[in-house]
Structures are given as C-alpha cells and as structure tokens.
Amino acid sequence: MSQKVATQSQKKRYLTFFLGDEQYGIAIEMVKEIIAMMKITMVPKIPSYMRGVINLRGSIIPVIDTRLRFEMPNKEADMHTAIIIVEVEKVNIGFIVDRVEEVASIDVINLSEPPKFGSQIDTDFIASVAQVEKSVVMILDVLKLFEADEIIDLEQIQNRQIEGA
C-alpha cells in the first residue's frame, strides 16, 4: 500500500492569469478574491507601479499595476482586466492583470527551477516554471515581488487612507 502512495502524483493549485502573451500563476491559497477593474484612488508620492488604493467593502487595499512592476508597457484596462487580491505578510494587495485564466492543478513533477539569465536580470520573483499542456506558466513568489520595505510602504499607504477616510 505504501508503494501506491509513493506513485500518486502530488498536485498543487494555482490561479493562472495573463500579462500580454505570458501566462503566470499564483498559489491559490494566497488569493483572497478576484474582482473586476474598478476606480482606483491615486495616492501622492508612491512608486509608478503602485496605482493607488481601492475601497473594497470598507477595506482600503493598495493596488499594483503588475505590468509596470514587470517593466512591461502600460495597457489600458478593458473588459478582461481584473484585480487579484492576495494577502502578503498580512497585508491585502491588489494586482492588476490583463486577464484571469483558470485555477489549474499542476503536478509538482511538472514544476522546474526558473531559468537563470545572469546577474543583470532579476528572476527572483519566479518560484518555478510549469509545463501545462503546450504552454509554459511562470509561478510567482508573491513575497519576492516586494522588498520588505515595500510591504511596510504598502501598509503605511493603507493606514494613511484609513485615517483620512
């Protein structure tokens, strides 16, 4: 019976989404919810990839433009644009994505180390790369998308908006 357990595949679930033609994934346990694009309130003196904050059912949530965070060209929101709300270090953060795809169950044997491009290219935020059917999905390490001080900044933006409300 123990042999049967050893041969069973171990699958993990990821929310997959697109930025341009590239497909990414986030571990489903980090995702709080997915919402349609909504009005974002600008906050002065924040990095350009931080778009501002949204008021979601009374909670103030900082919103990141994922395309700008990845140094991709800006794109106007359309009917597919969504905000994925994730929890990072007990702070809820919204990520703007071009379109949400699906929740995919990916077998851990299909996950591999991200490619190394040399010291000039930062791929630390890519936890692994998955082969799903005929496409490649880059699995993001959401914690590494932000430096510790950026998480603190996001908390301060959130608190500043709550105090000002």
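We did not get these values from a lab; they are worked out from the coordinates using the rules stated. Here the structure is a predicted model, which means the values were calculated and not measured. A quick note on method: Cβ atoms are made from the backbone with ideal geometry, for glycine too, and the neighbour counts reach across all protein chains shown.
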message: Taking just the alpha carbons, could you work out the radius of gyration and Dmax for the stretch 1-105, both in angstroms?
response: 16.4, 61
- line: One finds, for residue 81 and residue 133 with R0 = 25 angstrom and r their Cβ-Cβ distance, a FRET efficiency to the nearest 0.05 of 0.50
- request: State the dimensionless ratio Rg/Rh of the stretch 44-146 (Rg: radius of gyration of Cα atoms; Rh: Kirkwood radius).
  value: 0.98
statement: Once residue 41 and residue 112 are pulled to full extension, the length gained, defined as 0.36 nm per residue separation minus their Cα-Cα distance, is 21.7 nm
task: Just grab the label-to-label distance for residue 74 and residue 11, each label 7 Å out from Cα along the Cβ direction, in nm (one decimal).
output: 4.1
- prompt: What is the packing order of peptides 124-135, 92-103, 10-21, taking the mean over residues of other C-beta atoms within 10 Å and listing the highest first?
  reply: 92-103, 10-21, 124-135
message: Can you tally the net charge around residue 80? Count Lys and Arg as +1, Asp and Glu as -1, for every other residue whose Cβ sits under 11 Å from the Cβ of residue 80.
response: -1
